[in-house]
Amino acid sequence: MHAIANSSHAVYDARPADERSTMRTLEQLSRFGFVGVMATAVHVGVGLGLNEGAGIPPLWANLIAFCCALGVSFFGQTWLTFPGSATDSGAFIRFSVIAVSGLGLNQLIVWVVTSLLERPYWLALTIIILTVPGITFLLLKFWALRR
């Protein structure tokens, strides 16, 4: 703890600046994860429902599912994870650039896994879930939704 002189008594800062920054990032990661789980549930539910239930090809099912999950993600990330970050019009544009890039990466993974490797769609979804969110968090935090 660091003491800060204040007339008749010492006031203690609870944590050093770097520790406060780390705690804030961990809180953001937790919120990002929560929003991500909600968006992922929408993505997976819609994608599998369309692919396995309606017989829509994996790339089309994934595209539609991604678009459904995008709304959940944008509102959750701007209201919960990075509150106050969507105050300028550029925030939505930057978010959209990341979203479209994420979609491209998602589609690439689906195509490689299902078409080139001839593996099931659920495997592609698993790879997406394990890779894309980390990249997205970093881009949102340090570029699209930074304050």
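Side notes on the structure shown:
- Output for the range 17-58, where each listed residue is in contact (Cβ under 8 Å) with a residue 12 or more places away in the chain and of a type in the set (S, T, N, Q): Thr25, Gln28, Thr40, Asn51
- Single residue of Thr78, Thr114 found to be within 12 Å of the chain's Cα centre (by Cα), among the β-branched types (Val, Ile, Thr) and buried (at least 19 other Cβ atoms within 10 Å of the Cβ): Thr78
- Residue list for the range 84-109, restricted to those being touching a helix residue (DSSP H, G or I) at 6+ places or on another chain (Cβ under 7 Å), among the hydrophobic types (A, V, I, L, M, F, W, C) and either assigned to a loop (DSSP other than H, G, I, E, B) or at pLDDT below 90 (or both): Ala86, Ala91, Phe95, Ala99, Leu103
- Test for Val37: is it in contact with a helix residue (DSSP H, G or I) (Cβ under 7 Å, 6 or more places away or on another chain) and within 30 Å of Ser21 (Cβ to Cβ): no
Matching residues to (1) assigned to a helix (DSSP H, G or I); (2) out of contact with any Gly (no Cβ under 9 Å at 6 or more places or on another chain); (3) among the hydroxyl-bearing types (Ser, Thr, Tyr); (4) modelled with pLDDT of 85 or more:
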site	(1), (2), (3), (4)
Gln28	yes, yes, no, yes
Phe34	yes, no, no, yes
Val37	yes, yes, no, yes
Ile64	yes, no, no, yes
Ser73	yes, no, yes, yes
Gln77	yes, no, no, yes
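- Among (1) without any contact (Cβ under 8 Å) to a residue 40 or more places away in the chain; (2) of a type in the set (Gly, Ala, Ser); (3) surrounded by 14 or more Cβ atoms within 10 Å (Cβ to Cβ); (4) more than 23 Å from Thr25 (Cα to Cα) - the single one Ala61 does not satisfy: (1)
- Against the conditions (1) in a helix (DSSP H, G or I); (2) in contact (Cβ under 8 Å) with a residue 60 or more places away in the chain, Trp143 satisfies every one except (2).
- Subset of the range 99-111 that is aliphatic (A, V, I, L, M) and either free of Cβ contacts under 8 Å to residues at least 12 places away in the same chain or touching a strand residue (DSSP E or B) at 6+ places or on another chain (Cβ under 6 Å) (or both) - its residue that is nearest to Leu140 (Cα to Cα): Val100
- Residues that are out of contact with any helix residue (DSSP H, G or I) (no Cβ under 8 Å at 6 or more places or on another chain) and among the β-branched types (Val, Ile, Thr) within the range 116-130 comprise just one, Thr126.
- Lone qualifier among Thr114, Thr126, Thr81 - being touching a residue at least 24 places away in the same chain (Cβ under 8 Å) and either closer than 20 Å to Ala41 by Cβ or touching a strand residue (DSSP E or B) at 6+ places or on another chain (Cβ under 9 Å) (or both): Thr81
The values are calculated or read from the model by the stated rules, or taken from the named source; none is laboratory data. It should be emphasised that the depicted structure is a prediction, and the values quoted were computed from it without experimental measurement. Every residue, glycine among them, receives a Cβ derived from its backbone with ideal geometry; neighbour counts consider all protein chains shown.
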